[in-house]
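What follows is one structure encoded as structure tokens, with my remarks underneath.
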Amino acid sequence: MSELTTNRLSVYLRCLNVLEEAGVRTISSQALAEQFHLNAAQIRKDLAYFGEFGVRGVGYYVRDLKRHLRQILGLDRKLRVAIMGAGNLGLALADYPGFRQEGFEISALFDTLKEKVGQQSRNGVAIHDIHDLKKVAKREGIEIATLAADQAAMYGLGNEYAQVCAKLCYLCDMLDDSAGYEHWCRRGIAVAGPKSRRIETLLMVNLACACIDRGRLTEGLGLCVAAVKSVERGNSTLLCQARCAEAITYAMLGDAASAEHALSEASALDVNVSWRRAVRYTEGFVAEFNGDYALSLERYEDAGQDTRGIAREYGPPIAWFKDPAGNTLAVVQL
């Protein structure tokens, strides 16, 4: 499953949460798309990849589809989390009830101070010696760890901390926590010590996207440019992501020439189908901002289209068009 598909599924899940809270029991892909400004065809395509969830004439049962999406995204099970640092903040995080409600179980605290080892938080989370991290993590089945940036540098775990921050960004995105998403991007970039260039570049691109979403275009553009310079040789996927974000930001700032240059650089990269599609979406976005949004007529074999591209033989007159992003649009005369 690609990162783009995962991101879309998380959006669908958040929409279903809203619908369930509003008491909605069933909804069609078209109604879901209209209410939350999504693409109905893309919704059906994404869901069909994992099975048949809809009922003809009814649509999707909100509760059932929500349960299926949580299973697909791995949110139907408890994720065990360790907190590095048993100070006031660490103890407060360990006892915060919101994590358990969202499927995260704080299983252990770690610290370097011997006098804290063996104690517990108010809710009974045990404090362990930092040197026992691997042993305790294996025993408790811990999958995620988080720690304060200064402690990461102190332990020489700058790269490990940055990796944790990248995972926490993903989790915050799943929980629709934009503030937390930006926070962990910044913490991962700021941590001292040697870090993987790939992880640092990924965090810069993620932070750039967060800045763009919040209208801080100049800051977002600066991060995109820095990410392009920082990306490792051969990592075409990450470079494509940075170039696409760069093109969108230039377009929003009104610099059409720079946007087109960034797009041409992204188009020349050897990336998989999902990222080639992302480039096409970006092309459509940039074209729309540049006022150059044009549709092209599509023709299909055996469709019975006339010289104007209209098919009339098998039902109401219909014609197909493709936009700059690669989306196919059907126009039907009713």
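The values are calculated or read from the model by the stated rules, or taken from the named source; none is laboratory data. All values reported here derive from a predicted model rather than from experimental measurement. As a convention, Cβ positions derive from the backbone with ideal geometry for all residues, glycine included, and neighbour counts pool all protein chains shown. Heavy atoms of the whole protein, side chains included, go into the accessibility calculation; ligands, DNA and RNA do not. Shrake-Rupley method; radii C 1.70, N 1.55, O 1.52, S 1.80 Å.
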- Filter the helices (runs of 4 or more DSSP H) completely within region 158-232 down to those with at least 1 residues that are touching a Ser or Thr at 6+ places or on another chain (Cβ under 8 Å) and under 30 Å from Leu13 (Cα atoms). 158-174, 197-213, 217-230
- Say whether the condition of being over 21 Å from Asn17 (Cα atoms), modelled with pLDDT of 80 or more and touching a helix residue (DSSP H, G or I) at 6+ places or on another chain (Cβ under 8 Å) is met by at least one residue in region 47-62. yes
- Note on the structure: Residues of region 40-74 being touching a residue at least 40 places away in the same chain (Cβ under 8 Å) and in a helix (DSSP H, G or I), in sequence order, are Asp46, Val62, Arg63, Leu65, Lys66, Leu69, Arg70, Ile72
- Query: Which condition number in (1) in contact with a Pro (Cβ under 7 Å, 6 or more places away or on another chain); (2) surrounded by 11 or more Cβ atoms within 10 Å (Cβ to Cβ); (3) of a type outside the set (Phe, Trp, Tyr) is the one that Leu269 fails?
  - Reply: (1)
- Query: When the residues of region 22-39 are filtered to those that are assigned to a helix (DSSP H, G or I) and within 19 Å of the chain's Cα centre (by Cα), which remaining residue is modelled with the highest pLDDT?
  - Reply: Ala33
- Message: Looking at the structure I just gave you, is Ala247 crowded, with 21+ Cβ neighbours inside 10 Å and either assigned to a loop (DSSP other than H, G, I, E, B) or touching a residue at least 24 places away in the same chain (Cβ under 8 Å) (or both)?
- Response: yes
- Has region 108-120 got at least one residue that is on the phi < 0 side of the Ramachandran plot, β-branched (Val, Ile, Thr) and not in a loop (DSSP other than H, G, I, E, B)? no
- Search region 83-123 for residues being closer than 27 Å to Val11 by Cα and of a type in the set (A, V, I, L, M), and hand back the single one that is surrounded by the fewest Cβ atoms within 10 Å (Cβ to Cβ). Leu93
- Note on the structure: Thr26 meets each of (1) open to solvent by 10 Å² or more (accessible area, probe 1.4 Å); (2) under 21 Å from Asn272 (Cβ atoms); (3) among the polar types (S, T, N, Q) with one exception, condition (2)
- Test each condition in (1) assigned to a strand (DSSP E or B); (2) open to solvent by 80 Å² or more (accessible area, probe 1.4 Å); (3) of a type in the set (Phe, Trp, Tyr) for Trp320 and report the one that comes out false. (2)
- Query: Among the residues of region 250-264 satisfying the criterion of being under 22 Å from Asp323 (Cβ atoms) and in contact with a helix residue (DSSP H, G or I) (Cβ under 6 Å, 6 or more places away or on another chain), which is most open to solvent (accessible area, probe 1.4 Å)?
  - Reply: Met252
- Item | Candidate set from region 124-138 (those that are at pLDDT 90 or above and of a type outside the set (Val, Ile, Thr)); member that is farthest from Arg100 (Cα to Cα) | His128
